[in-house]
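K.L.:
Input: one structure, supplied below.
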Amino acid sequence: MDRRTLLKLFGFGALESSFGVSFPWLVSASLVGHEVHWGYMVESGSENWGNLSPEFQLCKTGIQQSPIDLHLAIAAELSPIEIDYKESPLHIVNNGHTIQVNYEPGSSMKLDGQTFNLEQFHFHNPSEHIIDKKPFDMELHLVHRSGAGALAVIGVFLKQGQHNAALQPIWEAFPVRNEPEQVVKTVKVNAEQFLPKDRKVYRYFGSLTTPPCSQGVNWIVMQQPIELSQDQIQKFAKLISIDARPVQPLNNRFVLRSI
């Protein structure tokens, strides 16, 4: 199924042109995030994000918000996602909201004929997307941006199970405080190791799950979770106790799933 068909099916025909221009909020998001304190608890929590700053208005007024419950997905023949990830030295940061790994240029995915470059990935505890009201233990988000500024995010569910050797070098390098990026040149990561073998996905159009909650984000959530150990889950939780936005209304959107 091509991108034009997907946009029309999801009710986003008017947004199609926006995928060919730059997104000015990609700059403002990082700036605003440092100026306005937001979090996941009490006054600065997700229910109040829209009141913290005029730039965060979509967090309360947007009708195409993420995350969502994926259980009403419609089975469809979806075009495969072409992954072309390379190794990158470990650029890791504790930004106070999550543990984030910034990726060096040169890795990308192709979605509906459009190339999106992998910029960073980060983790949420518990998962932000859920299935039939049930969350997973954690969720990994791989954030991509096209040359025109459009965003596409791959979500991967993480569930308790076997120790995850591919994730362990990242876990061992966790910064314990909110501080500038650290570069661990002796550690190389390849984000393709964090994708499940089964590449069936859910797809829909949504938003950033953090302020400013900007919309028009192309979401691709893997159906099959990957595993990590209880110890790995607990180590993340000791640093970042909760960093998951509650699910948002689906409104008039459709969610598709690979068959």
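The values are calculated or read from the model by the stated rules, or taken from the named source; none is laboratory data. As the structure is a prediction and not an experimental result, all values here were calculated from the model. Cβ atoms come from the backbone with ideal geometry, glycine included; neighbour counts cover every protein chain shown.
K.L.:
Is it the case that residue 63 is out of contact with any Gly (no Cβ under 7 Å at 6 or more places or on another chain), surrounded by 16 or more Cβ atoms within 10 Å (Cβ to Cβ), of a type outside the set (S, T, N, Q) and under 23 Å from residue 39 (Cα atoms)?
P.N.:
Taking the combined requirement at face value, the residue does not satisfy it.
K.L.:
Among the residues of the range 226-259, write down those that are acidic (Asp, Glu), outside any loop (DSSP other than H, G, I, E, B) and touching a strand residue (DSSP E or B) at 6+ places or on another chain (Cβ under 9 Å). Lay out the reasoning, then the answer.
P.N.:
Initial filter on the range 226-259 (acidic (Asp, Glu)): 227, 231, 243.
From what is left, the residues that are outside any loop (DSSP other than H, G, I, E, B) are 227, 231.
Selection gives 227 alone.
K.L.:
Does residue 245 satisfy being surrounded by 17 or more Cβ atoms within 10 Å (Cβ to Cβ) and under 22 Å from residue 95 (Cβ atoms)?
P.N.:
The answer is yes for residue 245.
K.L.:
Taking the range 130-173 on its own, how many of its residues are more than 21 Å from residue 248 (Cα to Cα) and touching a Lys or Arg at 6+ places or on another chain (Cβ under 7 Å)?
P.N.:
Within the range 130-173, the first condition is being more than 21 Å from residue 248 (Cα to Cα), and the residues that meet it are 144-150, 159-173.
Now restrict to residues that are touching a Lys or Arg at 6+ places or on another chain (Cβ under 7 Å): 171.
Going through the range 130-173 one residue at a time, the tally reaches 1.
K.L.:
Here's something else I'd like to know. I'd like to verify a number: residues in the range 20-72 that are part of a loop (DSSP other than H, G, I, E, B), at pLDDT 80 or above and of a type in the set (S, T, N, Q), how many?
P.N.:
Within the range 20-72, residues that are part of a loop (DSSP other than H, G, I, E, B), at pLDDT 80 or above and of a type in the set (S, T, N, Q) number 5.
K.L.:
Oh, and also: Among the residues of the range 137-147, are any at pLDDT below 95 and either surrounded by fewer than 18 Cβ atoms within 10 Å (Cβ to Cβ) or not aliphatic (A, V, I, L, M) (or both)?
P.N.:
The initial filter retains those residues of the range 137-147 that are at pLDDT below 95, namely none.
Within the range 137-147, not a single residue is at pLDDT below 95 and either surrounded by fewer than 18 Cβ atoms within 10 Å (Cβ to Cβ) or not aliphatic (A, V, I, L, M) (or both).
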